[in-house]
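One structure follows; several queries about it will come next.
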Amino acid sequence: MLNYLYLFKITHLAYIKMFMDKKNINRWEPTKIQIDNIILPAYTDLSKRCVSYINELECPPQYIADMLRDLADAIMTSYPEVKNNSSNL
């Protein structure tokens with residue numbers, strides 16, 4: 001059984017790398033309140049759900065990871081202005 005805390009730690013580290021990179025000044029950064037009240041709870045919930053799907057489907061974690069990449073691609077395709085515009089949606 002995959003431990004959701006392990007998955008959360010991995011996703012949290014990816015989140016820190018993605019959002020907190022101070023070298024890229026054009027990148028949107030969430031506020032501490034947004035991080036604490038929205039982003040981290042969303043990461044925790046998503047991690048728990050992914051582990052639940054892995055266990056329920058009895059599939060390799062790679063399958064769920066591929067699903068998440070497909071979703072990310074769909075989001076970026078649906079909202080192309082996000083790539084070039086740091087304004088709010």
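The values are calculated or read from the model by the stated rules, or taken from the named source; none is laboratory data. Being a predicted model, the structure only gives us computed values, none of them experimental. Cβ sites come from the backbone with ideal geometry, for glycine too, and all protein chains shown count toward neighbours.
Counting only residues that are at pLDDT 60 or above and of a type in the set (Phe, Trp, Tyr), which one in region 16-57 is farthest from Leu68 (Cα to Cα)?
Trp28
Residues in region 27-83 that are in contact (Cβ under 8 Å) with a residue 24 or more places away in the chain and not in a helix (DSSP H, G or I): how many?
Number of matching residues: 2.
Looking at the structure I just gave you, is Pro61 of a type outside the set (Phe, Trp, Tyr), at pLDDT 90 or above and touching a helix residue (DSSP H, G or I) at 6+ places or on another chain (Cβ under 6 Å)?
Answer is yes for this residue.
Residues in region 24-62 that are basic (Lys, Arg) and surrounded by fewer than 12 Cβ atoms within 10 Å (Cβ to Cβ): how many?
Of the residues in that region, 1 qualify.
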